[in-house]
Every structure is written in C-alpha cells, then in structure tokens.
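Novice: Sending over a structure as structure tokens; questions will come in a sec.
The values are calculated or read from the model by the stated rules, or taken from the named source; none is laboratory data. Computed from a predicted model, the values in this text were never measured in an experiment. When we count neighbours, we look across all protein chains shown, and the Cβ atoms used for this are built from the backbone with ideal geometry, even at glycine.
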Amino acid sequence: MNPKRKQRLMIVLGLAALAAIAVGLTLYSLSSNINLFFSPEQIAKGEAPLERQIRAGGMVKEGSVQRDSESLDVTFVVTDYENDLKVRYSGILPDLFREGQGVVVVGKLEEERLMRAGQVLAKHDENYMPPEVAEVMQGKMPTDTLE
Amino acid sequence: MLSKIIPELGHFALILALLMALFQALVPMAGTLTRRPLWMAFARPLAGGQFLFLAIAYLCLTASFLLDDFSVAYVANNSNSMLPWYYKTTAVWGSHEGSVLLWSLILGGWGFAVSQFSSQLPRDMVARVLSVMGMVCSGFLLFVLVTSNPFERLLPNMPQDGADLNPLLQDFGLVIHPPMLYMGYVGFSVVFAFAIAGLLGGRLDAAWTRWARPWTNVAWAFLTVGIALGSWWAYYELGWGGWWFWDPVENASLLPWLSGTALIHSLAVTEKRGSFRSWTVLLAIITFSLSLLGTFLVRSGVLTSVHAFANDPARGTFILVLLGLTVGLSLLVFALRAPRMSHSVGFNWLSRDALLLVNNILLVIMTVTVLLGTLYPLLLDALGLGKISVGPPYFNALFVPLTVLLCVFMGLGPLARWKQTSGRELFKRLAAAGVAALVIGMVAPLLYGGEWDLWVSLGLVTALWLVLSLARDLFDKLRNASSPGAGVKRLSLAYWGMVVGHLGLAVTIVGVTMVSNYNVERNIRLAPGESAEIAGYTFAMQELRERRGPNFIADTATIAVSRDGEHRFTMYPEKRFYLARGMPMTDVALRPGLLRDLYVAMGEDLGDGSWAMRVQFKPFVRWLWLGALLMAVGGVLAVVDRRYRRVKRRAEQARTADAAGLEGARA
C-alpha cells in the first residue's frame, strides 16, 4: 500500500472510531436523560413510573395553591379538569405562575397522584400555552364555565 | 395626513424590495451564464436599491410605533401609549413580524456591504455572490409578505390602546441582543453565497478564501457577542440567575456558532495550504443552513422553550420549505461541482494541518451532539412516539469532555508547524506549560474553596493549558527578535487575533468552571427587620415600599448588605406589575464584580408581610461574557490584518493591467 493510501485509510479509520465513540456516548447519555411527558389522565391511570424523573402538565387548579407559613414549601394541584395531580414544591414559583394558568412541572412521582417537583415552568408570555398542556386540555373544559 | 398612510408606504416599500431582490437573484446570474457584463453589472445597484427599500419599510414600521398607530395590528399587540419612546423603537423587533423584517433588513445590509467592499473581486464573482444573496433575501421577503406582514391593519375596529410590549423585553439587553444575533446568523449568508458562487464559477483558490475569510470572521464575532448578550440578558432578566439552560432556542444559536468556529479554522487551512477546500465549502453551507434551522426552530413555535411565544404553524411550514430548498439546492450544487475542485495536499500526522483537522472533527461532533439533543424530542413527537425533553445533564455529559479534548489540541495547534512538526520539539516547548497548568490547576481549588474538587481542577487545568501554551509561543516568538518591541511589531494582527480569541475561550472556561462549582444559591423568607447570611455576606431587609414607574407599579425592597459587621452597600430588588398586560416581572438587584456577583431577586409575597427572596453568590460569573467578548475581538483583529488590504492593492494593480490589455503578458 502506498503511503498516501495508507494515510487516507488511517484518516477514515480514525474518523470511524471517533464517530463510533461519539455516537455511543451520545446514545448513552440521551437514554439516561430523557424526561417523558405525562398528562394528569395518564398519571391517574397509573401509566407513569414512580421515582423516575418525568414531566407533567396541565392547569393550576383554582384555589389549590397553599403556602406553608414557616418555610418556602408550597403545594398545588395540576389538573385537566377531570383528573388531579397534587404537586409539592419548595422554593420560588415563576412570575407567571397563577391559578387557572397552564404549567409544566418536572419531578418524580412519590406515590400515585403526588409529585415532588424540582422545577415548575410557566412561560414568558401570558397568551402562550405550552404545546403539551394545550394537547392535554383539548376537549376539556374548566368546570366553572360548564356550570 | 401623510402619517396615516405610513404603514401602506412601508408595505409598498417592502414589495419593491422583494422585486429588487428577485431581479438581483435572476439578472446577474443570467449575466454570468450568458457572459453579458451589462447584466452582471446590475448586481451592485440592485443590492443598494433592495437595502434602501428595506430600510424605508423598516423606518415606516418604527414610525408607526412612535406615532402609536394602533390600527396596525403588530403595533397594537406590542406597544402601548405609556411605553417609553426608546422601547417603542426597539419594540419593532419585540415579536415575530418585526423580527423577520429586521432579519431581512440585516440580510439586505450585508448584501449592500458586499456590493460596496468588493472592488477587488472579479465582476462575475460579484454577480454570482450577490445573486445568491438575492435568492435568500427573496425567500425571506416572500415569507414576510405572505405569512407575517407587520403592516397588517386592524380596521375598522382599532383598539384604543396597545397591549404593551412584553415586560421581559423592556430592557437594554433586548435592545442589542437580537440585532447582534441576527448580524451573526445572517452574516453567514455572505460566506454561504461566496461558497455557492465559488462552486458555480469553478474557483475556490487562495484568493477565494481571502475574500471569504473577513466576512466569515465578522459574522462569527457578531454571533459570539449576540450569544453572550443573550446569556447575560437571561441572567439578570429572568430572575433565576442562570446563564445557560441548554434551552432549544439557545442551542439553535450555538449550532451555527460551533460549525462557524470550525469554518473559520478550516478557512485558515484552505488559505495557507490550499487543502480542505471541499470541506470548507461544505462547512459554509452547513453553517448557514444551521442559521436557517435556528430561525425555523425559533420562529415556527415547534419548540417548548422558555423563549417560545405564541406562534402560527403556517409560518413554520414556510420556513421549513425555505430551509429544505436552500439545503437541497446548495448540496446539489456541491455534489455536482465540488469533486472538480478537490486538491489534495499531503501533511504529516503531527502538523498544524492535522491539529486543525482534529479541531474541525471535534467541533463537528459537538455540533452533532447539540443538534441531536435539540431535534430528538421534535423527531419523536413528529413520529407520535411520545413527548420527551432532553435535560441539561445530557448536554453537560457530552459537552464538557469534548471541550476539554478540544482544548488539549488547541494548546498544541498554535505551536505546531504547517505540514510537519517534530514531536520532540513540541514536547520540549510545551512540557513546562503542561506541568505548570497541571500543578496550579490541581492546587487552586484547595486555595480557593478549601477542598479539592475534580471538576474545578479539570476546568482550571484546561484553561491554564491554553493560556500557558500561548504564553510560551509568544515568548519564543519575542525571544528570537532583536528587541521585544521589534518582536511585537513583527507579529501579524492575525496572530494577535488568534491569541486573543483563544485567551477568550480560556477566560470563559474559568468563568463556567467557577460559577458552576462555587455558586451559592438560597431561597429564603425575609420580612422587614430580618436578615440572612449567604457566603459571608449578611443581607438585611430594611424596608418594603411601593413605587410607581411609567407603565408599572413595583414593590421595592431595601436590602442592606454587610460583611464582617461592616455595612457595604444597599440593593433594591423589585417585583414589578406591568399594568397594560397585567403581568408581574422580577427586577433583579445585582452587585457585579470581577471576582463575584451578588444577586438578589424578589420571589413572591407570602402574605404575612414577608417575601420569598432568591439570594445568590456567583463567583467569576462575569468571566463568561468577558471571555466571549475577547473571542469576538480576536475574530475582528484577525480580519483587519494587513494581508487582506494588500490583496486589494494587488487586485487594483491587476485591474490596471487588465485595462492596459496586458492580460496575456501577465499570464
């Protein structure tokens, strides 16, 4: 094999090896860092895994936000107006967090219908609805407008 | 009376600009195909005209904002009569329609700049470059006019007052972040146009790289500053104290930056050694495609992101088609023409060529990992396989080791010679730098934090390795000169650009390392008269009061900060309530410093007179953005290098020679 071909072969082999390592690492970290989204309905049916980081979303139920009087602990209910999910969180809620608004919470289910949230996301724009939440709410009406 | 038809004038100017762009796309290109100099000569005036009419349209929209013309839907949705005038002018790009108009204006501006600063370029090259830019601009102007016309009227039921600009955007950071970012994004259209023109014209020689390089560097510098500004803005405006979230929209700007970084390095090899030609051209195409992809991701509303605002899916489809056409056509041209341009130059395994090749490979891998993490959730969603999100751990797990690896080679690159370099010599010159970096980097966390930390050491060793190897190179270069002054004079500005740019990365790495590992964040309850201690500082809330701003009311806290019992300064965080939108906003109180920032944000009223407060101690956080600025300065320094001006003079000589009919003699 002439030197030039040999060099080329080395380049190709090197590239292939690097690419393989990169793809391997990528898939590995991708598989361990994916957060699946679940609707309150799926969680109510028990489809979501316990003790694994997931995301859930829906509307903050009216009158459900309760602050602890000593610490920064807060509990609220995320609902699609048919199924409820209780959420516990410690810390500061985003500016646009309000009752009756769409939110996405990231955390682990401690038991059925009780989530320990590490992160609460409400969006920048008051007209904006997270796409997942919009899908969850499709065809479901807030009870107060039905009454 | 005239003021009433300003939006129509703007709309009309926009249509004229589109016509100009279409002519610019077609006529000069037809001229190069039929070899008609007159047709080719249309390129420059058309680029000027297109920019002029875009500027008129843009000014008309600005005027509508300043005149509070709420019959224009876009103004009504994004402005308010109470909004201060300076935010009215910047509200023009506060939402979708205006952003795309600004995008097009900047594209027209780059085209105009090319038409003005291309005197050294052959006529057919100018014609091809401007024609390609005309095509891109036609696409975007069609997009504006068809799907996102900012001059749309709300008649006859016009609102009394506007809905106001999103309060998050009423800020100095927003005034400059989007224009800078767009300058970068759109700036890559120039090197893209050069790449396509080079492929079509069959000339991708050293001269081609010398034309394309300055444009690429400037665009890259703008993008660097734009990303840094975005990070800075998020840091002080969102009230979380985060500076990078691996949010899809941030990734969208990082992607062209990474491939653009690969591009400026690969251009260097092509210019100096004539190799990597096809690769450079491919990178140019990829980089601009990633810019378009970023635009698509941000503007289509397909993303769940902190940046996501209400959007219309029809627009997404349009940009997707535009993206598909651009990528498809340019890759087709590449596939048809690139094989003819290939030109192989041999080099040894240990040489600057090889190290830059490694740099390119690593940067491309980084681009691919970020792209994968960003698009994977979209892909799964489109296939109906569930909604997922990819969290920061994924990106950190891949990005950190790749960056460290990249930096290892970055330390070697500048000291290696082109074509071939002796490993022994390289080792001899760099051994001391390597050992020093290792020792200092290992000990530093002990001195700063009191205990050893693997990640801090890793970051510091990496940064020190970059700095010390550069210092060694500089030392060697100056030592061989008769006097240090003469040595400095002999070094080219391009070299200084490299030094400053690489130094910038080291500074950023120090910032990232320190703030990620030594950040102290506490969420506390605080009522007037109470205090809390964080990282040696005591934060005492003295007073809570209400304050009225031009278009908001605010709860303001007075926080006295002391250290070792001694009063240092007072901070005033605010929670604002913007009246028009009924939207609350956190206004952070910051005490910036070179070595640490103190950060106080008001969370929420807890009802019993106390507030939830977010107090943070952020060491070295400024270094993040300082480093990015240095990188941008480096990029620009490399452009003002003498050799790009010398080319101009040489080209002028060549032209006079042409005129004298000496073409044959010269050849």
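Novice: Does residue B:405 qualify as being more than 32 Å from the chain's Cα centre (by Cα), under 24 Å from residue B:358 (Cα atoms), surrounded by fewer than 18 Cβ atoms within 10 Å (Cβ to Cβ) and not polar (S, T, N, Q)? Give the derivation first.
Specialist: Working: more than 32 Å from the chain's Cα centre (by Cα): no; under 24 Å from residue B:358 (Cα atoms): yes; surrounded by fewer than 18 Cβ atoms within 10 Å (Cβ to Cβ): yes; not polar (S, T, N, Q): yes.
No.
Novice: Kindly indicate whether any position in the stretch A:10-32 is within 11 Å of another protein chain (Cβ to nearest Cβ) and in contact (Cβ under 8 Å) with a residue 12 or more places away in the chain.
Specialist: No, there is no match, as no residue in the stretch A:10-32 is within 11 Å of another protein chain (Cβ to nearest Cβ) and in contact (Cβ under 8 Å) with a residue 12 or more places away in the chain.
Novice: Taking the condition of being under 21 Å from residue A:105 (Cα atoms) and aromatic (Phe, Trp, Tyr), how many residues in the stretch B:360-410 meet it? Working first, answer last.
Specialist: Initial filter on the stretch B:360-410 (under 21 Å from residue A:105 (Cα atoms)): B:373-374, B:376-378, B:380-381, B:385-395.
Subsequent filtering for residues that are aromatic (Phe, Trp, Tyr) retains B:376, B:394-395.
Qualifying residue count, the stretch B:360-410: 3.
Novice: Go through (1) surrounded by fewer than 19 Cβ atoms within 10 Å (Cβ to Cβ); (2) within 14 Å of chain B (Cβ to nearest Cβ); (3) within 19 Å of residue B:391 (Cα to Cα) for residue A:51 and report which single condition fails.
Specialist: (2)
Novice: Taking the stretch A:54-71 as the region of interest, how many residues are within 14 Å of another protein chain (Cβ to nearest Cβ) and buried (at least 20 other Cβ atoms within 10 Å of the Cβ)?
Specialist: Step one: of the stretch A:54-71, the residues within 14 Å of another protein chain (Cβ to nearest Cβ) are A:54-58, A:60, A:65-71.
Applying the additional criterion that residues be buried (at least 20 other Cβ atoms within 10 Å of the Cβ) yields A:54-58, A:60.
Result for the stretch A:54-71: 6.
Novice: Can you confirm whether the stretch B:509-517 contains a residue that is among the hydroxyl-bearing types (Ser, Thr, Tyr) and either surrounded by 15 or more Cβ atoms within 10 Å (Cβ to Cβ) or assigned by TED's automatic domain parsing to the domain that holds residue B:565 (or both)? Reasoning before the result, please.
Specialist: The initial filter retains those residues of the stretch B:509-517 that are among the hydroxyl-bearing types (Ser, Thr, Tyr), namely B:513, B:516.
Subset that is either surrounded by 15 or more Cβ atoms within 10 Å (Cβ to Cβ) or assigned by TED's automatic domain parsing to the domain that holds residue B:565 (or both): B:513, B:516.
Yes, the conditions are met somewhere in the stretch B:509-517.
Novice: Which numbered condition in (1) more than 10 Å from chain A (Cβ to nearest Cβ); (2) closer than 15 Å to residue B:520 by Cα is the only one that residue B:614 fails?
Specialist: With (1) more than 10 Å from chain A (Cβ to nearest Cβ); (2) closer than 15 Å to residue B:520 by Cα applied to residue B:614, the lone miss is (1).
Novice: Name the pairs whose Cβ atoms lie under 9 Å apart, with the first residue in the stretch B:446-472 and under 10 Å from residue B:411 (Cα atoms), the second of a type in the set (Ser, Thr, Tyr) and part of a helix (DSSP H, G or I), and 6 or more positions between them or separate chains?
Specialist: Short answer, once both residue conditions are applied: B:462/B:403; B:462/B:513; B:463/B:508; B:463/B:513.
Novice: Further question: Which condition from (1) within 30 Å of residue B:78 (Cα to Cα); (2) part of a helix (DSSP H, G or I); (3) modelled with pLDDT under 95 is the one that residue B:643 breaks?
Specialist: Checking residue B:643 against (1) within 30 Å of residue B:78 (Cα to Cα); (2) part of a helix (DSSP H, G or I); (3) modelled with pLDDT under 95, the one that fails is (1).
Novice: I'd like to know if the stretch B:480-487 contains one or more residues that are surrounded by 16 or more Cβ atoms within 10 Å (Cβ to Cβ) and either aliphatic (A, V, I, L, M) or closer than 25 Å to residue A:90 by Cα (or both). Outline the logic, then answer.
Specialist: Residues of the stretch B:480-487 surrounded by 16 or more Cβ atoms within 10 Å (Cβ to Cβ): B:487.
Remaining after also requiring either aliphatic (A, V, I, L, M) or closer than 25 Å to residue A:90 by Cα (or both): none.
No: zero hits.
Novice: Could you tell me whether residue A:41 is touching a residue at least 40 places away in the same chain (Cβ under 8 Å) and not in a strand (DSSP E or B)? Break it down into steps so the answer makes sense when it comes.
Specialist: Numbers: touching a residue at least 40 places away in the same chain (Cβ under 8 Å): yes; not in a strand (DSSP E or B): yes.
Yes; evaluated as a whole, the condition is true for this residue.
Novice: Looking at B:493, B:430, which is the one that is aliphatic (A, V, I, L, M), out of contact with any Cys (no Cβ under 9 Å at 6 or more places or on another chain) and under 30 Å from residue B:214 (Cβ atoms)? Outline the logic, then answer.
Specialist: Values: B:430 fails: under 30 Å from residue B:214 (Cβ atoms).
One residue alone meets the criteria, B:493.
Novice: So for the stretch B:519-537 (the condition being free of Cβ contacts under 8 Å to residues at least 60 places away in the same chain, in contact with a Gly (Cβ under 9 Å, 6 or more places away or on another chain) and either surrounded by fewer than 18 Cβ atoms within 10 Å (Cβ to Cβ) or of a type in the set (Phe, Trp, Tyr) (or both)), does at least one residue qualify?
Specialist: No, the stretch B:519-537 contains no residue that is free of Cβ contacts under 8 Å to residues at least 60 places away in the same chain, in contact with a Gly (Cβ under 9 Å, 6 or more places away or on another chain) and either surrounded by fewer than 18 Cβ atoms within 10 Å (Cβ to Cβ) or of a type in the set (Phe, Trp, Tyr) (or both).
Novice: Considering only the stretch A:94-130, state which residues are buried (at least 21 other Cβ atoms within 10 Å of the Cβ), at pLDDT 80 or above and assigned to a loop (DSSP other than H, G, I, E, B).
Specialist: Hits for the stretch A:94-130 are A:94, A:95.
Novice: Kindly list, by first and then second residue, each pair from a residue in the stretch B:271-296 that is part of a helix (DSSP H, G or I) to a residue that is of a type in the set (Asp, Glu), limited to pairs with Cβ atoms under 9 Å and residues at least 6 apart or on different chains.
Specialist: Hits for this filter: B:272/B:353; B:273/B:353; B:277/B:205.
Novice: Being in a helix (DSSP H, G or I), within 11 Å of chain A (Cβ to nearest Cβ), at pLDDT 90 or above and surrounded by 16 or more Cβ atoms within 10 Å (Cβ to Cβ) is the requirement here; does residue B:370 meet it? Before the answer, list the steps.
Specialist: On the way: in a helix (DSSP H, G or I): yes; within 11 Å of chain A (Cβ to nearest Cβ): yes; at pLDDT 90 or above: yes; surrounded by 16 or more Cβ atoms within 10 Å (Cβ to Cβ): yes.
Taking the combined requirement at face value, the residue satisfies it.
Novice: Tell me, yes or no, whether the stretch A:75-93 has at least one residue that is among the hydrophobic types (A, V, I, L, M, F, W, C), within 11 Å of chain B (Cβ to nearest Cβ) and touching a Lys or Arg at 6+ places or on another chain (Cβ under 6 Å). Working first, answer last.
Specialist: As a first pass, look at the stretch A:75-93 and keep what is among the hydrophobic types (A, V, I, L, M, F, W, C): A:76-78, A:85, A:87, A:92-93.
If we keep only those that are within 11 Å of chain B (Cβ to nearest Cβ) too, we end up with A:92-93.
From what is left, the residues that are touching a Lys or Arg at 6+ places or on another chain (Cβ under 6 Å) are A:92.
Checked the stretch A:75-93: at least one residue is among the hydrophobic types (A, V, I, L, M, F, W, C), within 11 Å of chain B (Cβ to nearest Cβ) and touching a Lys or Arg at 6+ places or on another chain (Cβ under 6 Å).
Novice: For the stretch B:373-395, name all the residues that are without any contact (Cβ under 8 Å) to a residue 12 or more places away in the chain and within 14 Å of residue A:26 (Cα to Cα). Outline the logic, then answer.
Specialist: Just the residues of the stretch B:373-395 that are without any contact (Cβ under 8 Å) to a residue 12 or more places away in the chain, to begin with: B:375, B:379-387, B:393.
Within the stretch B:373-395, B:375, B:393 meet the criteria.
Novice: Can you tell me how many residues in the stretch B:595-604 are in contact with a strand residue (DSSP E or B) (Cβ under 6 Å, 6 or more places away or on another chain) and more than 10 Å from chain A (Cβ to nearest Cβ)? Lay out the reasoning, then the answer.
Specialist: As a first pass, look at the stretch B:595-604 and keep what is in contact with a strand residue (DSSP E or B) (Cβ under 6 Å, 6 or more places away or on another chain): B:596-604.
From the residues that got through so far, the ones that are more than 10 Å from chain A (Cβ to nearest Cβ) too are B:596-600.
Qualifying residue count, the stretch B:595-604: 5.
Novice: A further question on this structure: Among the residues of the stretch B:392-411, is there at least one that is within 14 Å of chain A (Cβ to nearest Cβ), in contact with a strand residue (DSSP E or B) (Cβ under 9 Å, 6 or more places away or on another chain), on the phi < 0 side of the Ramachandran plot and not acidic (Asp, Glu)?
Specialist: yes
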